[in-house]
Amino acid sequence: MVAAVFHEIDVAEKASSATHSVATSAHKSGAPAPQAMAIETVRGTPLAVKPSRDISFLWLVIMPPVLGFGLLVLLWMAISITTKGSIPTPADTFTQALSLFSDPFYSKGPNDQGIGWNVLSSLKRVALGFGLAAVVGIPVGFMIGRFKFLSTMFNPLISLLRPVSPLAWLPIGLLVFKGANPAAIWTIFICSIWPMIINTAVGVQRVPQDYMNVARVLNLSEWKILTKILFPAVLPYMLTGVRLAVGTAWLVIVAAEMLTGGVGIGFWVWDEWNNLNVKNIIIAIFVIGIVGLLLEFALIKLATAFTFEDVKN
């Protein structure tokens, strides 16, 4: 054992001496010193050589988004020059955005409010329609996935109604609810419910049959099966349906508000078009995209927190 210890010390000293010899030779010859290297050893044996600086993070993570936005700005400038100013330049739009966001929550009457109030009004409609869709769609998805009879009964109806454009349901909402605001909420509800029903039902149907056999042997009640077996297994699928539904809802509310009017980011875009204020329209496009991105990011984080590792991979 003592001989082994002395052998490890001897190997480490030789490695250190070799490194010092290379650095000395480079210094005497006038060549630039080699980049500092970190040598990992286990029991005196070099395992890996790692450079002290690594630019792969900068090149693979930072540069692609920067280049993408740079390309967007260049394309935007080219379109602005080609249209002879009909499309404002990025610089002019940025100046207008600074002025617009200096007071986003001003209110000078129901038809003249800041962009902040319009975004909040749209989010409120999305929350109401989306919440109602979750209350109805998730339990229906569990029932369709759990019982073969219900699956056979509702699958043709879902296949028939799901491809219908959400805006096609808006006149029905106006006819039934006699108001623009409840009609917009109805449109959000009907477009959000399908992803939740379908993903929840698929999740229930993919629960391993062994789990259900064990539940049958233990004579578990339907409530125990739902809470102890189905819900934990279906949760990742259910959250995926929720994420898809909220993305669809945010897309639809803009178009619905353009048609129904009132306060909202969609109505604000249409009102700015009537005023031929293209700068504000472009700003609204970016605001809609950023809000949608934040909603998507928040739901992805929520889904990741409740997803098992094997499902993530």
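The numbers here are math on the coordinates, done by the rules we state, and not lab data. Worth saying up front: this structure is predicted, and the values here are computed from it rather than measured. Virtual Cβ from ideal backbone geometry, glycine too; neighbours counted across all protein chains shown.
If each residue's Cβ is checked for other Cβ atoms within 10 Å, how do Leu67, Leu128, Leu230 rank with the fewest at the top? Present the calculation step by step, with values, prior to reporting the outcome.
Numbers: Leu67 10, Leu128 17, Leu230 22.
Fewest to most other Cβ atoms nearby, the residues stand as Leu67, Leu128, Leu230.
Please give me the summed charge of the neighbours of Ala180: other residues whose Cβ is under 11 Å from its Cβ, Lys and Arg +1, Asp and Glu -1. Don't jump to the answer; show the numbers that get you there.
Values: positive: Arg125, Lys178; negative: Glu257.
That works out to +1.
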Assigned charges on the beta-carbon of Lys, Arg, Asp, Glu; region 115-312 dipole about Cα centre (debye): 420
Cβ-based exposure ranking for Leu293, Leu150, in which fewest neighbours within 10 Å come first: Leu293, Leu150
Principal semi-axes in Å for region 198-242 [√(5λ), Cα gyration tensor, largest first]: 21, 10, 7
Of the listed pairs Lys124/Lys301; Lys124/Lys224; Lys224/Lys301, which have alpha-carbon separations greater than 31 Å here? Lys124/Lys224
Taking +1 at the Cβ of each Lys and Arg and -1 at the Cβ of each Asp and Glu, which of Ala303, Trp268, Ala168 sits farthest along the dipole of region 115-312 towards its positive end, judged by Cα position relative to the Cα centre? Ala303
Rg/Rh over Cα atoms for region 115-312, Kirkwood Rh, comes to 1.06
For region 212-227, in order, what is each residue's ³J(HN,Hα) by Karplus, 6.51 cos²θ - 1.76 cosθ + 1.60 with θ = phi - 60°, in whole Hz (x at glycine and Pro)? 5, 5, 5, 4, 5, 5, 7, 6, 6, 6, 4, 5, 5, 4, 5, 7
What's the exposure ranking of Glu222, Glu272, Glu257, Glu296, going from fewest to most Cβ atoms within 10 Å? Glu222, Glu296, Glu272, Glu257
